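Inspection log for the structure reproduced underneath, given as structure tokens.
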Amino acid sequence: MALAIEVAGLSRTFGALRALDGLDLDVDEGEMLGLVGPNGAGKTTLIRVLAGLLRPSGGTVRVLGSRPGRDVAAQIGYMTQSPALYEDLSIRDNLVFFGRLFGLSAADARTRAEEFTALVELEGRERTPVRLLSGGMRQRTNLACSMVHRPRLLLLDEPTVGVDPLLRLRLWDHFRTLNAHGTTILVTTHVMDEAERCTRVVLLSDGRSIGSGTPAELRGRAGAATLEEAFLVFRDSRGDA
Amino acid sequence: MSGSRVLAIAVRILRQFRHDPRSVGLILVVPLVVMALVGYLVGDAGKEPLPVSLVNEDTAFGEAPGSPTIGTTLASALEGQAGLEVSEAPDADEAERRVRDGETAGAIVVPAGVTEAVLAGRPAQVTVIVVGIEPGLDDRVVGAVRLAMAEVAAAAARGGAGLPQVTIDRVPVEGSKDLSVLDFFAPALIVVFVFLFTFMLTSVSFLRERSSGTLERLMASPASRLDLLLGYLLGFVGFAMLQALVVLGYATIVLDVKIAGPTWLVLLTLMILVIGVVNLGIALSFFARNELQVVQFIPLIFVPQVFLGGLFWPVQTLWPPLRLLSQVFPVTHAVVGLREVMVGGAGVAEVASRLAALLAFAVAMLLLGILALRKQRA
């Protein structure tokens with residue numbers, strides 16, 4: 001199977017801070033990979049490198065076979081932590097705009113806008129300006145905007161932060177549906193029960209991968225009952241392993 | 001009311017200022033800069049002498065060559081004035097050409113026979129050639145000639161002659177005589193509106209793009225920086241031109257302001273200005289954290305342009321370093337260029353250098369915008 005993401009020896013520094021420190025990571029197409037780690041582990045930095053927003057300080061990165069950047073941007077969807085939307089525009093206008101930006105024709109963008117408003121269950125609110133939406137509705141609009149161009153690879157940066165439990169379940173249902181239809185997903189989280197829903201989890205600590213496998217494998221190898229415990233075991237044993 | 005709570009709020013505000021040194025700097029420095037400028041511009045000191053040329057054909061009268069005439073007396077009176085820098089021109093045509101080409105701010109033509117006419121009790125006339133599109137400049141030239149004429153009259157009275165009946169004929173080389181103050185100020189007003197609103201709109205909306213995270217999204221899209229800047233440009237130029245049309249329409253239809261030159265040239269000038277200002281707004285928005293800081297840029301980038309851009313005080317009379325500075329300002333070229341077109345009836349060829357200067361500003365700002373965006377995608 002082709003690799004959606006190939007990362008080798010990736011490092012990225014911000015001044016004296018090493019956000020990513022020799023990270024290796026391969027993601028197969030069709031995977032739903034959970035990137036798990038505490039705040040400051042380098043999750044967002046990695047996502048931003050993959051989205052072409054940050055240049056690596058060292059190492060190699062290939063996304064869908066190319067260097068990250070404008071060449072592959074049209075095949076990637078990037079969902080930011082907090083909703084990045086035009087407040088004065090309606091849901092539909094936002095969707096149409098981002099669709100057009102990612103290369104859809106005007107007619108296609110309109111059709112997709114309708115389709116994706118329905119997908120995130122916001123039908124009937126197409127014409128509502130974003131500033132009048134609740135936080136959860138914004139987050140769903142945000143998700144719809146990041147996938148309106150049907151990307152092959154979806155980068156989700158803590159998509160459920162500040163989202164109520166019910167909506168969180170619904171968002172994860174969306175992710176799974178997309179994944180089942182063939183979209184490769186890389187999702188960052190520090191909520192372990194979300195990580196449990198991924199086909200594979202990579203544990204990230206201080207800019208390095210400290211363990212990788214299905215949630216069950218990771219728990220088994222660490223002899224832990226939960227992923228949290230497994231994370232601590234892997235982190236503490238990193239020096240010896 | 002609780003004194004301690006009031007105090008807590010006041011202390012918090014002062015603390016916040018301490019963490020915003022730029023605001024404090026601007027609040028303290030900008031008034032000083034503005035007051036220094038106003039003091040200089042309104043005061044009499046430090047003004048540069050205006051270059052004028054003099055054509056004196058009234059050099060002799062009757063059988064007494066060498067005795068002073070009105071022409072020679074006027075010439076020495078003019079040369080004695082600190083505000084003027086008098087040079088001689090061979091004839092009236094050459095003097096007019098110098099004014100037209102901007103080499104001099106005005107010209108004084110004393111025709112032959114003025115002294116004889118005055119001695120014979122006939123009315124005589126001295127011609128003052130002015131540019132005709134900048135009242136501040138023209139008034140200074142005419143005022144200087146009036147002053148010199150008063151000296152001539154005083155000299156004549158001392159010599160026992162009667163008061164000479166000499167009138168001053170003011171001849172503008174561009175524009176016509178029957179222009180109102182509004183005609184002169186309309187171009188400046190239009191430029192000020194277009195500049196200020198375009199700058200505020202673009203910088204605030206780009207700032208929002210950055211703070212809302214949508215810029216990040218745009219940067220992660222296949223759109224290039226140039227796509228982004230050109231898109232912004234197209235949108236804002238369209239909007240600014242609509243504004244320009246409304247202002248221009250109101251000025252011409254309701255206020256009866258005349259547009260002597262081609263209207264499309266007025267719009268073209270404004271359009272080039274807007275292209276520069278849109279990119280200036282984008283570039284500066286990267287130096288601002290919030291809308292307040294964008295507003296703080298206005299006294300910094302806008303007020304000097306209004307003071308030094310030839311809106312109220314002619315650029316030619318500024319202290320040379322300030323004059324040089326004014327040539328960097330797009331507002332200067334836009335105001336002077338628009339005056340030449342709207343009041344002076346200039347065509348493309350005559351304002352080409354102004355358009356070129358505005359275009360250079362636009363290109364420089366576009367590059368600055370691209371540079372600012374490059375910092376965004378590092």
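The values are calculated or read from the model by the stated rules, or taken from the named source; none is laboratory data. Treat the numbers as computed from the prediction; the structure is a model and nothing was measured. Neighbour counts run over all protein chains shown; Cβ positions are idealised from the backbone, glycine included. For accessibility, only protein heavy atoms count, side chains too; no ligands or nucleic acids. Shrake-Rupley method; radii C 1.70, N 1.55, O 1.52, S 1.80 Å.
Observations on the model:
- Selection within the stretch B:68-98 - in a loop (DSSP other than H, G, I, E, B) and open to solvent by less than 40 Å² (accessible area, probe 1.4 Å): B:T69, B:Q81, B:G83, B:A89
- Residue in the stretch B:124-135 that is surrounded by fewer than 16 Cβ atoms within 10 Å (Cβ to Cβ), at pLDDT 85 or above, out of contact with any Pro (no Cβ under 9 Å at 6 or more places or on another chain) and closer than 11 Å to B:V166 by Cβ present: no
- Residues of the stretch B:244-278 that are over 26 Å from B:A372 (Cβ atoms), more than 20 Å from the chain's Cα centre (by Cα) and open to solvent by less than 40 Å² (accessible area, probe 1.4 Å): B:G249 alone.
- Single unsatisfied condition, B:G281 versus (1) modelled with pLDDT under 85; (2) buried (at least 20 other Cβ atoms within 10 Å of the Cβ); (3) farther than 27 Å from B:T252 by Cβ: (1)
- Some residue of the stretch B:99-110 being open to solvent by 20 Å² or more (accessible area, probe 1.4 Å), more than 16 Å from B:R140 (Cβ to Cβ) and in contact (Cβ under 8 Å) with a residue 24 or more places away in the chain: yes
- Checked against the criterion of being away from chain B (no Cβ under 12 Å), assigned to a strand (DSSP E or B) and either aromatic (F, W, Y) or surrounded by fewer than 18 Cβ atoms within 10 Å (Cβ to Cβ) (or both), the candidates A:A19, A:A4, A:A8 yield just one match: A:A8.
- The set of residues from the stretch A:88-105 being facing chain B (nearest Cβ under 7 Å) and either farther than 22 Å from B:R225 by Cβ or not in a helix (DSSP H, G or I) (or both) comprises A:F102, A:G103.
- All of A:G182, A:G136, A:G162 fail the test of being open to solvent by 80 Å² or more (accessible area, probe 1.4 Å) and either under 18 Å from the mean Cα position of the chain (by Cα) or aromatic (F, W, Y) (or both), apart from A:G162.
- Of all residues in the stretch A:55-85 being within 11 Å of chain B (Cβ to nearest Cβ), of a type outside the set (A, V, I, L, M) and open to solvent by less than 40 Å² (accessible area, probe 1.4 Å), the one that is nearest to A:A2 (Cα to Cα): A:P68
- Across the stretch A:140-149, not a single residue is classified as at negative phi, open to solvent by 20 Å² or more (accessible area, probe 1.4 Å) and in contact with a strand residue (DSSP E or B) (Cβ under 7 Å, 6 or more places away or on another chain).
- Condition check for A:L153 on (1) closer than 13 Å to A:L33 by Cα; (2) away from every other protein chain (no Cβ under 14 Å): one failure, at (2).
- Top-ranked residue of the stretch B:111-123 - restricted to ones that are touching a residue at least 24 places away in the same chain (Cβ under 8 Å) and of a type in the set (G, A, S), ranked as surrounded by the most Cβ atoms within 10 Å (Cβ to Cβ): B:G113
Per-residue answers, yes or no, for (1) away from chain A (no Cβ under 14 Å); (2) small (G, A, S); (3) at negative phi:
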| residue | (1), (2), (3) |
| --- | --- |
| B:E151 | yes, no, yes |
| B:A157 | yes, yes, yes |
| B:L179 | yes, no, yes |
| B:F184 | yes, no, yes |
| B:F193 | yes, no, yes |
| B:E209 | no, no, yes |
| B:L218 | no, no, yes |
| B:P222 | no, no, yes |
